[in-house]
1. Of the residues that make up region 19-26, is at least one under 22 Å from Ser90 (Cα atoms), in contact with a Phe, Trp or Tyr (Cβ under 7 Å, 6 or more places away or on another chain) and surrounded by 14 or more Cβ atoms within 10 Å (Cβ to Cβ)?
2. Restricting to region 42-60, and then to whatever is out of contact with any Asp or Glu (no Cβ under 7 Å at 6 or more places or on another chain) and farther than 12 Å from Ala14 by Cα, can you tell me which residue is surrounded by the fewest Cβ atoms within 10 Å (Cβ to Cβ)?
3. With the structure loaded, tell me whether Leu86 is out of contact with any Cys (no Cβ under 9 Å at 6 or more places or on another chain), closer than 18 Å to Glu38 by Cα and either at pLDDT 85 or above or not β-branched (Val, Ile, Thr) (or both) or whether it fails that test.
4. From the list Ile103, Ile89, pick out the single residue that is surrounded by 13 or more Cβ atoms within 10 Å (Cβ to Cβ), of a type outside the set (S, T, N, Q) and touching a helix residue (DSSP H, G or I) at 6+ places or on another chain (Cβ under 7 Å).
Amino acid sequence: MIDLSVKMNRLYVACGYTDMRKQIDGLAAFVRLKFDREVEEGSLFLFCGRKPDRIKGLFWDGTGYVLFYKRLSNSRFQWPRSAEELKQISPREFRWLMEGLSIYQAKAIQQTEQKPLF
C-alpha cells in the first residue's frame, strides 16, 4: 500500500519538455543523466510533455518508485518552459501548479524570517 502521507520534502520541476512516453526507469535515468541527481526518499520530480494538460511525477517512498500521472480534462498546467533546468519548488508553489496557476506569482507575499517586535 502506498502511504501518501509521507512528507515530500524536496519538490522539483523539470522545466521545458520531457518525453512523456518514458516510464519509471526512463524518468529515473533522465534525472540521473541530465540533472546529475538521484531520486531519493522524500523527493518528487515533476515532468511535462509538449501538451501542458498532463504531467508525470516520480517519487521514491523508501521501498520503491511511484509514478504519478495527472491529466486535466478542460484546462492546462502553467508549466515553466523557458529553461532546460531542474527547479526546486516550495510546497506552496506545488499547490499553485496543481491548481493551474504559475509557480511565479508576482503578487504573492513572500515568506521571510520572523523579526522581533520589540
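1. Within region 19-26 (the criterion being under 22 Å from Ser90 (Cα atoms), in contact with a Phe, Trp or Tyr (Cβ under 7 Å, 6 or more places away or on another chain) and surrounded by 14 or more Cβ atoms within 10 Å (Cβ to Cβ)), the answer is no, since none of the residues qualifies.
2. Arg50
3. No.
4. Sole residue among the options that is surrounded by 13 or more Cβ atoms within 10 Å (Cβ to Cβ), of a type outside the set (S, T, N, Q) and touching a helix residue (DSSP H, G or I) at 6+ places or on another chain (Cβ under 7 Å): Ile103.
The values are calculated or read from the model by the stated rules, or taken from the named source; none is laboratory data. Note that the structure is predicted; figures quoted are calculated from it, not measured. Glycine gets a Cβ as well: all are built from the backbone with ideal geometry, and neighbour counts include every protein chain shown.
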